[in-house]
Amino acid sequence: MNLLLLGNTGQLGWELQRSLQPLGVVTACDYPEINMADADNIRKAVQACHPDVIINATAYTAVDKAESEPELAEAINGRAPGLLAEEARKLKAVLIHYSTDYVFDGNKGAPYFETDLPHPLNVYGASKLHGEQAVQQAGGDYLILRTSWVYSLRQGGFVNKVLEWARQQDTLRMVADQVGNPTWCRMLAEATSQVLAAGVGRIRKHSGLYHLSGGGFASRYDWAKLILELDPKKSEQKIKEIMPAPTSDFPTPAQRPLFSALDCSHFEATFGLQLPDWTKALIYAMEGISRPRLL
Ligand SMILES: NC(=O)c1ccc[n+]([C@@H]2O[C@H](COP(=O)([O-])OP(=O)(O)OC[C@H]3O[C@@H](n4cnc5c(N)ncnc54)[C@H](OP(=O)(O)O)[C@@H]3O)[C@@H](O)[C@H]2O)c1
């Protein structure tokens, strides 16, 4: 199988590059080898590889910055997925694409199903919704996997930030009224690869939109508390107290949904796969930084 992975240096893409290896020949690229804001560049990259599967892990993910760069966010998140889907259809390839819980406004008060009506509150969420629609309208075979609060321990991201703050500050105030599903990018990559391992025919049969994120849900405050508890180098922490705070205390350019947790039962029933509870995944993720390096 010929797999084209776009965005292999991002959180999810980096994990996909590893987990996809047993499935075939993986051609991986990222910016600047490919520019998802350039339609010609996208078409040429796909045609040169002639893939059976395209996996798109690229995205404009700077949620606040998107408010001042709506055109760039729309090109990368809104239009590029549609171009990929068209190219995939012409080659009879399947497209795997990722979207976000931020397509919802968070007013439902319970985990969202695929059938719930999207209503994005910010430019990022709107651009991702346009990307979903463009993939669906292209008429080929695809999986759109909507996920939520993706984290990596490799670089940057929420977990590393919390660990860093705990070493610099006595007290930490964390938003307690934003709730989502923390999703370890490695689990998302593994699940994607397992779906592919069962064959492209299965994806064609079940082509569609699915929710796929870490099990259970949590507020940013709950998440940060568990990160601090699991910190393998707790003795380095300076922090004495972690306190809940409302979103309104931290004004940001982009408005975020308050309760955007996803219900993943449709994916589970279709593919027989389930991401573990977010607490369990976080334990696995943090074990990786607690073990001493061998070399
Ligand atoms: N992160 C989250 O919390 C979250 C939540 C819900 C859904 N998602 C979705 O999950 C997917 C994976 O997200 P992630 O967290 O892995 O994202 P990420 O770490 O920000 O990675 C995105 C990748 O896209 C690349 N990229 C950006 N602009 C590009 C361009 N013009 N041309 C080519 N590549 C470009 C980035 O390259 P550079 O680093 O060089 O810019 C990066 O490698 C995305 O579809 C995202 O929308 C993420």
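The values are calculated or read from the model by the stated rules, or taken from the named source; none is laboratory data. All values reported here derive from a predicted model rather than from experimental measurement. Don't worry about glycine lacking a Cβ; one is built from the backbone with ideal geometry, like all the others, and counts go over all protein chains shown. Quick note on the areas: whole protein, heavy atoms, side chains included, nothing else; ligands and nucleic acids left out. Shrake-Rupley method; radii C 1.70, N 1.55, O 1.52, S 1.80 Å.
Counting Cα-Cα pairs of the stretch 4-121 in 10 Å increments starting at 0 gives whole-percent bin shares of 12, 41, 32, 14, 1. Taking label points 7 Å from Cα along the Cα-to-Cβ direction, ARG154 and GLN133 give a separation of 3.3 nm. Taken about its Cα centre, the stretch 1-148 carries a charge dipole of about 400 debye when Lys and Arg each add +1 at the Cβ and Asp and Glu each add -1 at the Cβ. Modelled this way, with points 7 Å down the Cα-to-C-beta line, the labels at THR9 and ARG202 are 3.3 nm from one another. Counting charges near ASP141 (Lys, Arg +1; Asp, Glu -1) among other residues having Cβ under 10 Å from its Cβ returns a value of +4.
With a Förster radius of 35 Å applied to the C-beta separation of ALA37 and SER235, the computed FRET efficiency comes to 0.15. The 3J(HN,Hα) values that the Karplus relation (6.51, -1.76, 1.60; θ = phi - 60°) gives for the stretch 79-90 are, in residue order, 8, 4, x, x, 5, 4, 5, 5, 5, 4, 4, 4 Hz. Gly and Pro appear as x. Using the Cβ-Cβ distance between ASP277 and LYS44 with R0 = 30 Å, the FRET efficiency computed as 1/(1 + (r/R0)^6) comes to roughly 0.10. For ARG186, the accessible area of its heavy atoms, probed at 1.4 Å with every protein chain present, is near 80 square angstrom. With Cα atoms as the point set, the stretch 59-130 shows a radius of gyration and Dmax of 13.5, 42 Å. R0 = 22 Å: FRET efficiency of GLU164 with THR252, Cβ-based, nearest 0.05? Given R0 = 22 Å and the Cβ-Cβ separation, E is 0.70.
Taking a 20 Å limit on the Cα-Cα distance, which of the listed pairs LYS65/LYS108; LYS225/LYS280; LYS65/LYS128; LYS44/LYS205 fall beyond it?
With Cα atoms farther than 20 Å apart: LYS65/LYS108; LYS44/LYS205.
The charge dipole of the chain, taken about its Cα centre with unit charges on the Cβ of Lys, Arg, Asp and Glu (plus for the first two, minus for the last two), comes to roughly 700 debye.
In the chain, helical runs assigned H by DSSP with n ≥ 4 each contribute -39500 (n - 2.57); averaged across all residues and rounded to the nearest 500, the mean residue ellipticity at 222 nm is -11500 deg cm²/dmol. Overall shape of the chain was characterised from the C-alpha gyration tensor. The equivalent ellipsoid obtained from it has semi-axes of 32, 22, 18 Å, in decreasing order. Rolled with a 1.4 Å probe across the full set of protein chains, the surface gives GLU114 an accessible area near 40 Å². Approximating the spin labels as points 7 Å out from Cα along Cα→Cβ, the TYR284-to-ASP64 distance works out to 3.2 nm.
A cut-off under 9 angstrom between Cβ atoms defines the neighbours of GLN178, and their net charge, with Lys, Arg +1 and Asp, Glu -1, is +1.
In the stretch 1-104, taking the dipole from charged Cβ atoms about the Cα centre, the farthest positive-side position among GLN11, ILE34, ALA88 is held by ALA88. Only Cα pairs under 8 Å and 6+ residues apart enter the sum, and on that basis the relative contact order of the chain stands at 21 percent. Working from Cα pairs under 8 Å separated by at least six residues, relative contact order for the stretch 197-292 is 52 percent. All other residues whose Cβ lies under 10 angstrom from that of PHE259 are scored, Lys and Arg at +1 and Asp and Glu at -1, for a net of -2. Between the Cα long axis of helix 39-49 and the first principal axis of the chain there is an angle of about 70°, rounded to the nearest 10.
Give the residue from ASN56, PRO70, LEU258 lying farthest towards the positive end of the charge dipole for the chain; charges sit on Cβ (+1 for Lys and Arg, -1 for Asp and Glu) and the dipole is referred to the Cα centre. Sorting the options by dipole projection puts first ASN56. Annotation for the stretch 30-75 versus the stretch 85-136: alpha-carbon center distance of 15 Å.
Residues ASP141, ASP52, sorted by accessible area with the largest first, give ASP52, ASP141 [1.4 Å probe; ligands and nucleic acids excluded].
Full extension of the chain between ASN107 and VAL25 yields a length gain of 25.2 nm, computed as 0.36 nm times the residue separation minus the alpha carbon distance. Sites listed here are trypsin sites (Lys or Arg not before Pro) in the stretch 64-95 whose DSSP assignment is loop and whose Cβ has at most 10 other Cβ atoms within 10 Å, and the list is empty. Listed values for the stretch 135-145 are Karplus-derived 3J(HN,Hα) couplings in whole Hz (6.51 cos²θ - 1.76 cosθ + 1.60, θ = phi - 60°), namely 5, 5, 7, 5, x, x, 9, 7, 10, 9, 10, and x replaces Gly and Pro.
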